[in-house]
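Below is one structure, written out as structure tokens, with a few remarks after it.
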């Protein structure tokens, strides 16, 4: 169990690219196929898969950052024993077992809900979430992406690398992409350990990408350095929002930022219609290996 790291999950975005499906339903609650008890096929809200991946990597304290209209997220993470009784009375044993497994994880977790009244950028969501974090490190994991591998947990490897490299103020999970212009991109420096490099610069959606290593939306930070960097970064004059990339760039100058290149894993993103459809196709047989 990883008691010295809190998982911070920003899930306050409006999901405008997925309207009309997300007019009332947060994109993080969109269903995806997953393996249930006995390898049965069940559908789970995407945010539950994010939570389970973090739980299975050893995290036990979770801070969700949510906005208006996201109460359904909180309701989903409440144990409902009455529903279990009702399912069993109707002979829905597979469904009851799937819920019971989820509820067991919830009973073993501490879950904190943080409000972001207005969508003012990922940096603002992280800044607000950090107010609820008391651990020395925080693992920030976006609520609409996943790194999935059937060959070990990328999150476990990320956490272990962060603990091994004590001098890193931040460790970014990086994925190789075909079109890095759409992402925040890392400029790698010297290799520190296998698949982990020092990061000399981060650039948000560059016109001329210096590498094909995209920042995946999964990060581990030392809590105090990222707090200070977010305060210094302030509001980005171009976007009018608090950008997490700006704070990371400050850390490249004042501290040490590292990047873990995730290999052999699927980068799953449900933030756009095309990527959500690709997720459904790729996970059609159910998710396993969490």
Viscosity 0.692 mPa s, temperature 37 °C: give me the Stokes-Einstein translational D for segment 26-151 in µm²/s, with Rh taken as the Kirkwood radius over C-alpha pairs. 206 µm²/s
Dimensions of segment 180-285 along principal axes (Cα, Å, largest first)? 45, 37, 30
Rounded to the nearest 0.05, what FRET efficiency is calculated for residue 111 and residue 190 with R0 set to 45 Å and r the Cβ-Cβ distance? 0.70
In terms of the Cα gyration tensor, with a ≥ b ≥ c the square roots of its eigenvalues, is segment 114-263 rounded because a/c is under 1.5, prolate because a/b exceeds b/c, or oblate? rounded
Once you put a point 7 Å from the Cα of residue 71 and another 7 Å from the Cα of residue 89, both along the Cβ direction, what distance in nm separates them? 2.6 nm
Mean separation of Cα contacts under 8 Å (at least 6 apart) over the residue count of segment 5-282, i.e. the relative contact order in percent, is 23 percent
In terms of the Cα gyration tensor, with a ≥ b ≥ c the square roots of its eigenvalues, is segment 174-238 rounded because a/c is under 1.5, prolate because a/b exceeds b/c, or oblate? oblate
Which percentage, to the nearest 5, of the DSSP beta bridges contained in segment 5-282 is antiparallel? 65 percent
Tell me, what are the semi-axes, in whole angstrom and largest first, of the equivalent ellipsoid of segment 74-123 as set by the roots of 5 times the Cα gyration tensor eigenvalues? 31, 12, 9
With just the Cα atoms of the chain, tell me how far they stretch along each of the three principal axes, in Å, largest first. 61, 39, 37
With r defined as the distance between the Cβ atoms of residue 43 and residue 263 and R0 fixed at 35 Å, what FRET efficiency is calculated, to the nearest 0.05? 0.75
Say R0 is 35 Å: what FRET efficiency, to the nearest 0.05, do residue 1 and residue 207 get from their beta-carbon distance? 0.20
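Read the figures in this text as sums done on the coordinates, not as results from a lab. Keep in mind that this is a model prediction, so the values were computed, not measured. Backbone-built Cβ (ideal geometry, glycine too); neighbour counts: all protein chains shown.
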